[in-house]
Every structure is written in C-alpha cells, then in structure tokens.
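K.L.:
Mind having a look at this structure? Questions to follow.
The values are calculated or read from the model by the stated rules, or taken from the named source; none is laboratory data. If you're wondering where the values come from, they're calculated on a predicted model, not measured in any experiment. Here the Cβ is made from the backbone with ideal geometry for all residues, glycine too, and neighbour counts use every protein chain on show.
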Ligand code: GCV
C-alpha cells in the first residue's frame, strides 16, 4: 500500500519533514503492513533503510510475537514483568537501539507515531522502559456529515471546513483522502469514527441497508490505521427501511428486523463498531412515541449488536426544544439527568450513554454535566465538540485543549476519580471537511490533534500537546514560530470567552447559524437557552432555594458550592445565579464592570493575536499565512462586534456607566 498523500491537501501534522529522525535510521520492522510502508517511505526520503534480521539497527518496531526478535528487543522484553496489552506499547533504549514493542498491530502503530513525535531525542541517550497505554479503550470522532446537501445545515451539519470527506454530489468519494485522514487520526490516537450525522435524514438512513457498501468502503480505508467505523442510524429504521408499521422497541418484529439487519451489517463489515443514536431529541424519532424508556430503546440495538461485539452509543442529549419561554419551572440544564439518572443500571453492557460535557450544549463555559456522576452502573462516553459551533466556527483562533483538560480532570468527589476515569469512551464531533487545510482555519488542526492526544491521555498538559503539534506540523519549527503560536493559542479559549457571553450564561449567539452576537436572539424562543437580563441583573437562578433546583443534581460538595452565591466560581456565576449588576465578584470587580472590562480586553487580545501573526509573514508557507490572516481579520471584526453589542446591551439595561469612561454605544 502506498502512503496516502492526496495532492492539494495540507499534510497537517504528518509532513515529510516530521519523519526525518526515523527516516534517516536503520530500522528493523518485520512484517508487512502500514508501519513497514511508512518506514520504507520515510527512508526513501531521508536516506535511512530497512534493516534485515540479524543486521544492526537503530530502531526496532516489532510485535512481541515476531520471530526472531533482535537482541535489544529481547532484552527489553525480558526486563519487563507486566503484560503490554491491547493498543499499548513499550518504548525503551537498549544498547543504543530504540525499541518499540507491542502485542497487537494497533499498539505498534501508536508506538511508531510516538517515535515520530519524539524525533531526534528518541535516538539519544538511555531511556528506561516506558509502558504507554490509552486511558480509554475507544477514542472516537463523530462526523455530522450528510450525503446530500441539507437545505439549512449544508452537507456537514455545524461543519466549517467545506463538504464531507466521505461523500460528494450524492456519491462516495475517492478513498485517498479517507486514508490520509485515518493516518492522521492514528498518529494522534483516535481509533473509531462515526461517519454520518446523528440527525439521520432520508437518504442517509439507507447507509444501514442498501447503501451499506459505502460504509464498507470507508471502513476499508480506515482499517489499516486501526480505526473502526460506526454508523448513525434512525430509531425509525424498521419503519423507514423495513416497511414495518412500528419501531416499538418491545415489538417482536422490530427486534427481529434489527437483529437481521445487524447480521447483514456484520456480514459486510466484520469489524463494524456499532450504532450511534440521537433519539427523542430535536425532532428525531425515539422510544417515547411508544411509551418506552430510553433504556428499552438502547437495549434493543445493544441486543442486536451484542453477538458481534458491537456497541450502541446512545446520546443523552434529550430535552424539550419546544418549551414556553414564559415557563420558569422548565430548565433545559436539568433534562438529561431527569431523563437518564433514574435509568442507571438498566442499560446493557454494550450500550454506552454518550453525554455532552456540559448540561446545555457545547458552550464556551459550562459546568461539567452532573449525569456523568449519576450513573455508576452505566457505561458512559463523554462528548466534546472539536467543530467550533459555539467557539468561533473555525474563523476564530480558539485552542480548546485547556477546556477539555479542565473537563476531563474535573473531580465530583474527593476520592481522586476524575471525569476521564468515569468515562469508558471519549468522543468528539469532528471539525474536518474537504477543505485543503482539513479544518478551514489551519490552526484549528491543533484542536483535532489535541483531542486525540487528550483522549489517549487526559492528563497531558495542553501547552505540551500544542508543542507536539507545532513540532510536527511546522517541522523544523524555530523558536520564534513556537513562541508566537503559544502566545496566540495557549490562552485563546479564554480570550474567546472574554468577548462573548459572560460568566457561563451561554448562548447570546445568532439563532440558527450560531455565529456572532445576538444577546436576545434566543430569549423569547422555545429552545430553553435564556439569560433573563433585566434592569437589575442577569443570569439563571438554578438554585434549590429559589430557582430550578438544578444544583441539586450534583453530589456534595458541588451541590453546595454551586448553590452558594459566595462560593460559586466566578466563571460559572451566571450559569447558576441571577445576580445584580452591583454584585462584587471574587476578583473584586462588580459584575457590570467585569462585563465591560472583559469585553474590552477580549477584543483587544484578538487584535494583538493578529499583530503576532502578521510578524510571521515569510516564516511560514505563504498560502497558510494568508489563510490564517484572512481568518484573523474576521475574528478581530467579530470580536469588536461582540464587545460592542454586549457592552451596549448591558449599559442600556443597567444604566451603569463604565468606570473607565470608555466608548460604549
Ligand atoms: C446534530 C446542537 C446543534 C445541532 C446538533 C445537536 C446535537 O443543538 O446545534 O446542530 O445536531 O446539537 O448535538 O445533536
């Protein structure tokens, strides 16, 4: 197999230069497959070569079962007591040889890319044996791709990088791009991909049956990279595809239909991963129509998948999107917990409840969803959003790894278990499309890379992950480039937060497309995303004492911390409390002054970011520089718009002037 390097497509974090250290060595890589191809390719470019058995090598990449293993590898293995395990590898230096050993091809592939990432230091000095293994078994990207171009959502729902890499003009695309994607994903540790939108429209429903061949082709493209393919299906499939009169999960014909259909799927794709389901949510069909629970619904599919080792990812994003804004008792934040916590223990082992990280919807700041703490007897997937629906839509620089690191490291209790430890899978919505840079904004590639790395090891430092990405993508990256990218990106999530909706209140975006400010855009709609600003204050009272009671969904201490106006962290204040403008925050500022200050500061930071990038002209590739520059111009414009709309809105509501007398309209 050749290395997929589609023409006209940016190499992202795998440019030829990133393989210099490996490709200039003598490499012993027995066995056929992707790793051998990579080594041959890199060596042809950089002057190294494949070593034969018995020959001296600088790098050994071998499965533990390979015969014969070179002496250095045997020594490493003999010196290591434990088992290596699935998808894992040992890395060591012995007698001047760098050794990577794994029990399975996936582990070896991850080990190979680790060496690529390390570059020259992988071949220097001694290195005691390190055992690398992923924190969670499944690290998955969900594509919200449609086959057809949806009249409102386009081809990729919430996609900001062009069309789908899987389909164009209603038909499957050439697989070279898919293979290149698989290679990039393997290099950052992702091992599962759901290929289509969770809102399953008429054409896409057929991927389960008569268009299954298209899914099989994608699976063929991704398989060499250790990636299994999953499919979003509509709960109404027995009706839509099977001609049955019902999709009732307890109906015998429905159960038989799913069983037989799933058998066909596995006959076509033996390593198929499973189904993803959005049910009873934003208009998608589900078990409620038949008076059944979501456990009944999920278990129906889990039972059909179980004989083949498949899983169903059942989304917990279930809420009333037709609520009356006048009704202050309904709180969208409560919905997932209210629906799912009572079902804990009722889901099959191969049903994974997929929970968005926050209780609302991928906002720039939300508390961690209490559902994650409430279901100890259910397998959970934590869902993140790499596509920047609410964080600048890949027109703004917004490096999300610091947010994900906070979420995955959040502890509900004092016993040391964090969110990552409670999750069996870590999932995210992909930000990739057929754009030449993959992600629209070239710097948004860092989010895709960082997602994979944090799903592999949630305790990695986001700044260190950014360094890895810089070193690979811009190899060889000079100090100035590295410093500048850190200055632009490390704090970019907080910058975005500063100039958009304040202190966890969320939304305030233009309804529909969700880009740019519109403070009251959702205020009188049925969507349940309100801020309740009036002349005296702003924020949602979610306390047990006087509000919706959402704080009671958290275990102590958080149920108390969030309940208390004094103890609630400033950055989440307006998520949990309705607060007067004169309220003094922990940082000493009044709420209204904080709103003004952060919005002036955030927009200014965006302008500074653009200046930093301007200085890099000439030191990065011209097209890439121009693409980022064009995006930064838009970010600066949009940040100014946010600053002015938010500040003006709150000045007019409150009548309280800015203490520094700055211009507010
Ligand atoms: C795929 C948000 C988005 C929708 C998306 C939904 C979901 O509401 O705006 O486009 O639908 O989340 O996660 O299912």
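K.L.:
Which number in (1) buried (at least 24 other Cβ atoms within 10 Å of the Cβ); (2) touching a strand residue (DSSP E or B) at 6+ places or on another chain (Cβ under 7 Å) marks the one condition that residue 187 misses?
P.N.:
(2)
K.L.:
A further question follows. Of all residues in region 553-576, which are in contact with a strand residue (DSSP E or B) (Cβ under 9 Å, 6 or more places away or on another chain) and part of a loop (DSSP other than H, G, I, E, B)?
P.N.:
Step one: list which residues in region 553-576 are in contact with a strand residue (DSSP E or B) (Cβ under 9 Å, 6 or more places away or on another chain), which gives 565, 573-574.
Residue satisfying the conditions is 565 alone.
K.L.:
Next up: Considering each of 333, 341 in turn, give the residue that is more than 20 Å from residue 283 (Cβ to Cβ), within 16 Å of the ligand (Cβ to nearest atom), part of a helix (DSSP H, G or I) and touching a residue at least 12 places away in the same chain (Cβ under 8 Å). First the steps, then the outcome.
P.N.:
On the way: 341 fails: within 16 Å of the ligand (Cβ to nearest atom).
The conditions single out 333.
K.L.:
Could you tell me which residue of region 583-598 is surrounded by the fewest Cβ atoms within 10 Å (Cβ to Cβ), considering only residues that are out of contact with any strand residue (DSSP E or B) (no Cβ under 8 Å at 6 or more places or on another chain) and closer than 18 Å to residue 646 by Cα? Full working, then the answer.
P.N.:
Within region 583-598, the first condition is being out of contact with any strand residue (DSSP E or B) (no Cβ under 8 Å at 6 or more places or on another chain), and the residues that meet it are 585-589, 592-598.
If we keep only those that are closer than 18 Å to residue 646 by Cα as well, we get 589, 592-598.
Numbers: 589: 17, 592: 25, 593: 19, 594: 21, 595: 25, 596: 24, 597: 19, 598: 22.
This residue is 589.
K.L.:
Can you tell me how many residues in region 1-13 are over 12 Å from residue 474 (Cβ atoms) and surrounded by 15 or more Cβ atoms within 10 Å (Cβ to Cβ)?
P.N.:
Total satisfying the criteria: 5.
Here is a yes/no grid of residues against (1) closer than 22 Å to residue 287 by Cα; (2) crowded, with 24+ Cβ neighbours inside 10 Å; (3) free of Cβ contacts under 8 Å to residues at least 12 places away in the same chain:
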site	(1), (2), (3)
148	no, no, no
151	no, no, yes
158	no, no, no
172	no, no, no
242	yes, no, no
249	yes, yes, no
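K.L.:
Sort through 326, 322 and tell me the only one that's surrounded by fewer than 23 Cβ atoms within 10 Å (Cβ to Cβ), within 16 Å of the ligand (Cβ to nearest atom) and either in contact (Cβ under 8 Å) with a residue 60 or more places away in the chain or assigned to a loop (DSSP other than H, G, I, E, B) (or both). Step through it out loud before you land on a result.
P.N.:
Details: 326 fails: within 16 Å of the ligand (Cβ to nearest atom).
Exactly one of 326, 322 is surrounded by fewer than 23 Cβ atoms within 10 Å (Cβ to Cβ), within 16 Å of the ligand (Cβ to nearest atom) and either in contact (Cβ under 8 Å) with a residue 60 or more places away in the chain or assigned to a loop (DSSP other than H, G, I, E, B) (or both), namely 322.
K.L.:
Does region 128-140 contain at least one residue that is under 30 Å from residue 352 (Cα atoms) and within 16 Å of the ligand (Cβ to nearest atom)?
P.N.:
Residues of region 128-140 under 30 Å from residue 352 (Cα atoms): 131-140.
Keeping just the survivors that are within 16 Å of the ligand (Cβ to nearest atom) gives 140.
Yes - at least one qualifying residue is present in region 128-140.
K.L.:
Please count how many residues of region 577-588 are assigned to a loop (DSSP other than H, G, I, E, B) and touching a helix residue (DSSP H, G or I) at 6+ places or on another chain (Cβ under 8 Å).
P.N.:
Step one: list which residues in region 577-588 are assigned to a loop (DSSP other than H, G, I, E, B), which gives 577-578, 581-583, 585-588.
The next check asks that each one be touching a helix residue (DSSP H, G or I) at 6+ places or on another chain (Cβ under 8 Å); those that pass are 581-583, 585-587.
Of the residues in region 577-588, 6 are assigned to a loop (DSSP other than H, G, I, E, B) and touching a helix residue (DSSP H, G or I) at 6+ places or on another chain (Cβ under 8 Å).
K.L.:
For the subset of region 355-404 comprising residues that are within 12 Å of the ligand (Cβ to nearest atom) and over 26 Å from residue 438 (Cα atoms), which member is farthest from the chain's Cα centre (by Cα)?
P.N.:
Among them, the one singled out is 360.
K.L.:
A further question on this structure: Here are some conditions: (1) in contact with a strand residue (DSSP E or B) (Cβ under 9 Å, 6 or more places away or on another chain); (2) farther than 30 Å from residue 155 by Cβ. Residue 416 meets all but one. Which one does it not meet?
P.N.:
So residue 416 meets the others, but not (1).
K.L.:
Out of 280, 271, 303, which single residue is part of a loop (DSSP other than H, G, I, E, B), away from the ligand (no atom under 16 Å from the Cβ) and in contact with a helix residue (DSSP H, G or I) (Cβ under 9 Å, 6 or more places away or on another chain)? Talk me through it step by step, then tell me what you get.
P.N.:
Values: 280 fails: away from the ligand (no atom under 16 Å from the Cβ); 303 fails: part of a loop (DSSP other than H, G, I, E, B).
So the residue among 280, 271, 303 that is part of a loop (DSSP other than H, G, I, E, B), away from the ligand (no atom under 16 Å from the Cβ) and in contact with a helix residue (DSSP H, G or I) (Cβ under 9 Å, 6 or more places away or on another chain) is 271.
K.L.:
For region 4-28, how many residues are touching a helix residue (DSSP H, G or I) at 6+ places or on another chain (Cβ under 6 Å) and more than 18 Å from residue 117 (Cα to Cα)?
P.N.:
Of the residues in that region, 2 qualify.
K.L.:
If I ask for residues that are under 16 Å from residue 69 (Cα atoms), assigned to a loop (DSSP other than H, G, I, E, B) and at pLDDT 95 or above, which ones from region 24-44 would you list?
P.N.:
The answer is 29, and nothing else.
K.L.:
Next question, about the same structure. Any idea how many residues of region 177-200 are over 21 Å from residue 155 (Cβ atoms) and under 14 Å from the mean Cα position of the chain (by Cα)? So that I can check it myself, show each step before the final result.
P.N.:
Within region 177-200, the first condition is being over 21 Å from residue 155 (Cβ atoms), and the residues that meet it are 183, 186-192.
Within this subset, residues satisfying the condition of being under 14 Å from the mean Cα position of the chain (by Cα) are 188-192.
Summing the residues that are over 21 Å from residue 155 (Cβ atoms) and under 14 Å from the mean Cα position of the chain (by Cα) in region 177-200 gives 5.
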